[in-house]
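Below you'll find the structure, written out as structure tokens, and then a few comments.
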Amino acid sequence: MTRRISRFSFFPGMLVLLLVPATGCLEAPPRSEVDTARDSLGGQTATGAPARYLTHFVFAGVDGSAFFGRFEQTTSERQLARVYDAWWSGPEGWRQLTAVRDTLPVPRAAWRILPSDGMNVRVGDSREVVGLSFTTSGGRVELRTGDEVALLTGPTGQRESVGVAGLEVDGESVGGLLFFRRAARALQFPDAAGSSRGFLLADSVGNGLLIETTENDSSAVAHTWLHGSVDAWSDVVLVTDTLAGTAPGRRWRFDIPDAALSGTIRAVASPSEGPVPAFRVVCELIADGDVFRFTGLAASLPLP
């Protein structure tokens, strides 16, 4: 039986506030195996407990545009190794915004995303990320965080959140929803098994849908933003209709028992998929006789 996990207030009018600095804290230190290892070492900093931090930003614009960012940082006794990748998708397909592969001295807060060539990080008063901007030969792209809608707990207890956000491309702005995940692992512990998949979708009037599932779609949870309220649901049934080799052949059906919610998610063609671990999708959701049509993306979200 479906269990309603939580309920929040969410108003479509919040989309006009996208460029206001965020009140949430996207850069809160992750509490995970890293803390256990540090505690066992007498409270030493990250330099005493080598660790891997993995952060994802998944943005679904109300016009069908998308942003996907993956920021991995691994510490040793003396160095921080960075692997940063970020992409933006518009009418002409995916464009890579940054591809960082370098090493730096270990900072005090090893989980924080750091600026690099062509990428700036804007932070708030509490050092939380409130914006990422990229300058490339193809123009300038900036992701700006807004108010958090919900705080979530991921499959291994890591921090997740969903909030409103804005994406500005060459001076043109669009609103949407942003899914944020950070996970951390002390290197003395085994690798996390597998990965998960996230479907983030939005429409033009402030409604939205987030579905998180395991790698093989065996279990799923959903968060819905419909008619001005936010609900979270467990025991979501997600069935893969097809498993074609390319994104346009993929389709999923989902159902939330006893909640009068069901729908279909379908991958759409992109002129350039490339190495992006995400693809564009469209969704039709039926709720109490109302039909909602969303656009967004499905993203593979590995754990560290």
| said: It is to be established whether one or more residues within region 188-198 are modelled with pLDDT of 90 or more and farther than 28 Å from LEU261 by Cβ. | reply: no
| What do you reckon, is ARG31 at pLDDT below 95, within 22 Å of the chain's Cα centre (by Cα), basic (Lys, Arg) and crowded, with 17+ Cβ neighbours inside 10 Å? | no
| request: Could you figure out which of (1) modelled with pLDDT under 90; (2) under 16 Å from VAL276 (Cα atoms) isn't true of PHE57? | output: (1)
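So which residues in region 93-112 are among the hydrophobic types (A, V, I, L, M, F, W, C) and in contact (Cβ under 8 Å) with a residue 60 or more places away in the chain? Lay out the reasoning, then the answer.
Applying the first criterion (among the hydrophobic types (A, V, I, L, M, F, W, C)) to region 93-112 yields 94, 97, 99-100, 104, 106, 109-111.
Correct list: TRP94, VAL106, ALA109, ALA110, TRP111.
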| field | VAL164 being touching a residue at least 12 places away in the same chain (Cβ under 8 Å) and crowded, with 19+ Cβ neighbours inside 10 Å | value | yes
| So which residues in region 99-146 are among the acidic types (Asp, Glu) and surrounded by fewer than 16 Cβ atoms within 10 Å (Cβ to Cβ)? | ASP102, ASP117, ASP125
| request: Please go through region 75-94 and pick out each residue that is buried (at least 21 other Cβ atoms within 10 Å of the Cβ) and among the small types (Gly, Ala, Ser). | output: ALA86, SER89
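Can you pull out every residue in region 55-90 that is of a type in the set (Val, Ile, Thr) and under 14 Å from LEU104 (Cβ atoms)? Steps first, please.
Step one: of region 55-90, the residues of a type in the set (Val, Ile, Thr) are 55, 58, 62, 74-75, 83.
Correct list: THR74, THR75, VAL83.
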| message | Go through region 273-304 and report how many residues are more than 15 Å from ALA66 (Cα to Cα), modelled with pLDDT under 90 and of a type in the set (A, V, I, L, M). | response | 3
| request: Please specify each residue of region 152-171 satisfying the condition of being more than 22 Å from VAL205 (Cα to Cα) and not in a loop (DSSP other than H, G, I, E, B). | output: LEU152, THR153, ARG159, GLU160
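The values are calculated or read from the model by the stated rules, or taken from the named source; none is laboratory data. All values derive from a computational prediction rather than experimental measurement. Ideal geometry is used to build each Cβ from the backbone, glycine not excepted, and the neighbour counts take in all protein chains shown.
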